[in-house]
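Data block below; observations after.
The values are calculated or read from the model by the stated rules, or taken from the named source; none is laboratory data. These numbers were taken from a predicted model, which means no experiment stands behind them. All Cβ positions, glycine included, derive from the backbone under ideal geometry; neighbour counts span all protein chains shown. We work out accessible area using only protein heavy atoms, side chains counted, and drop any ligands, DNA or RNA first. Shrake-Rupley method; radii C 1.70, N 1.55, O 1.52, S 1.80 Å.
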Amino acid sequence: MKERLKTAMLTLLVAVSLVQSYLLIYRLPGTGSAAVSSAGYVRTDEMGEQQGVEDTLYPDRMLIHMGKDRHTIFYPDSAFYKLIYARIQARDFAAFQVQRISDANWEKIAADNPGIELSFGTGLPVSLLQKTMRIAADPAFETALIDRIWIYTGSGEEKPRAFFFSAKGSEVYEAKQLDLTVQDVLQHVAFGEEWMPYTPLKKHTLYVPSKPVVLAEAVLATDSFTSDQMQRNLFADPAVTRNIHEQDGSEIYTDSKRSLQIEDKARWMTYTDPAAAPAMRADATESMLSAVDFINQHGGWNGRYRAEMAQMVDESNLGVRFQQYYGSLPILGSGTIRYGYMNLILQQGTVSFYERSLLETPEAGKQGPQYTLPGGQELINRITNIEKVHGQQVVDLYPAYTPRMNGDTLRLVPGWVVALEDGSIATFS
């Protein structure tokens with residue numbers, strides 16, 4: 001009898017322990033206490049997704065040079081882009097040798113030689129690229145900011161060559177040791193044979209599709225983070241924050257040190273923390289890692305983003321931008337619809353400025369109407385006209401989505417984007 005009683009009591013204790021464990025791990029809403037991050041911020045709500053820095057480090061496009069001045073472009077999330085980039089990520093690059101960029105005729109190399117050119121926008125430090133590619137440490141290379149990687153095979157050469165271009169525009173680093181074969185490169189290049197052909201302009205610095213491009217609008221239902229959620233996530237003690245209502249309809253939360261401004265109509269938030277850190281030169285890699293960690297703790301990720309190093313505000317303050325993508329294209333919001341990016345400024349790894357949209361959208365929406373974007377000579381004429389109007393050269397061309405709100409529905413409308421010499425952009429479809 002006693003043994004049965006002991007067994008019953010033990011079973012009951014085990015059951016109670018399991019229930020308690022369940023409640024601790026999967027606590028019901030309102031039953032858990034707020035967790036405080038190491039930075040002194042409160043994280044109470046599971047909001048957006050968590051990501052690692054490597055999830056944000058990838059090329060904005062992949063140029064495929066097929067020889068005989070034939071070219072095409074793969075954009076992120078396309079099948080061939082993902083396949084080729086995954087294979088390149090699995091290869092080793094080592095023994096770097098610095099050269100002057102003027103030592104080679106890159107226009108002729110692009111025209112004559114099969115190869116793959118990866119574009120990293122404004123550039124990434126080598127230490128960040130090492131988190132997504134197998135790049136050996138090298139004193140001659142470790143402080144470089146890389147904006148392009150170009151792998152090609154020349155006629156009659158027994159092995160391919162790989163070059164890492166400095167964003168400064170004057171230097172290029174050749175990886176003298178790489179475990180890619182000529183056949184590897186030719187196989188990757190062959191994926192572009194049946195793809196949309198692109199015509200090179202401006203000494204192969206600009207590429208234009210030879211035919212019109214058909215892209216569909218995306219239609220997404222939206223929800224949004226609330227001001228209460230962001231307040232609880234950004235202030236160590238929300239109970240001591242003051243709430244100020246501005247005449248323009250926005251709200252400001254402040255604890256006399258930090259401030260959070262919520263623009264409800266625009267569904268946009270701006271957070272500032274003016275805490276001063278020692279005036280030392282900012283480290284780009286540290287800033288990027290801190291920015292990703294900060295977003296993970298304070299709002300999370302409401303989609304897929306690509307990291308960009310923004311201009312240094314001064315010697316000790318560095319800007320980091322995360323550009324949102326839907327499918328293969330970036331989302332370029334501006335004006336009243338500031339959606340599609342997050343901006344942060346960091347001082348010695350501490351976030352002093354943070355802005356982002358409060359909108360939440362599903363990963364996949366409905367397909368809307370199709371748009372036929374101009375290509376060939378019509379697109380070249382549009383570019384020429386834009387240069388005449390603005391009095392500047394067009395230095396970049398790419399497709400992107402423009403966000404438009406229709407009630408609680410977000411429409412992503414495709415179009416062409418041209419970047420001008422002064423950094424401004426123009427869009428058209």
Normalised contact order of the chain, rounded percent, pairs of Cα under 8 Å and 6 or more residues apart: 16
Segment residue 363-residue 100, extension gain: residue separation times 0.36 nm, minus the distance between their alpha carbons: 90.3 nm
Probe 1.4 Å, accessible area per residue of the range 383-429, Å²: 47
Ellipticity estimate at 222 nm from DSSP helix runs (n ≥ 4, -39,500 (n - 2.57)) divided over the chain, nearest 500: -6500 deg cm²/dmol
Residue 77/residue 49 FRET efficiency (R0 25 Å; Cβ-Cβ; nearest 0.05): 0.90
Solvent accessible area, Å² - residue 60, 1.4 Å probe, full protein context: 20
Percent antiparallel among DSSP beta bridges (both partners in the chain, rounded to 5): 95
Rounded, prolate or oblate (a/c below 1.5 giving rounded, otherwise prolate when a/b exceeds b/c) for the range 159-207 by Cα gyration tensor: oblate
Environment charge of residue 223, counting only residues whose C-beta is closer than 11 Å and scoring Lys/Arg +1, Asp/Glu -1: -1
Packing rank of 230-239, 101-110, where each peptide gets the mean count of other beta carbons within 10 Å, highest leading: 230-239, 101-110
R0 of 60 Å, Cβ-Cβ distance residue 155-residue 219: FRET efficiency to nearest 0.05: 0.75
Net charge of neighbours whose Cβ lies under 14 Å from the Cβ of residue 289, counting Lys and Arg as +1 and Asp and Glu as -1: -4
Centre separation in Å (Cα based) which lies between the range 385-413 and the range 53-74: 21
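When the accessible area of the chain is split by element with a 1.4 Å probe, what percent falls to carbon and sulfur?
52
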Förster radius 56 Å - calculated FRET efficiency between residue 183 and residue 385 (Cβ-Cβ, nearest 0.05): 0.80
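State the extension gain, in nm to one decimal, for the chain segment bounded by residue 424 and residue 137, taking 0.36 nm per residue of separation less the distance between their alpha-carbons.
99.7 nm
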Rounded if a/c under 1.5, otherwise prolate or oblate - the range 338-408, Cα gyration tensor axes: oblate
Net charge over other residues, Cβ less than 13 angstrom from the Cβ of residue 141 (K, R count +1; D, E count -1): -3
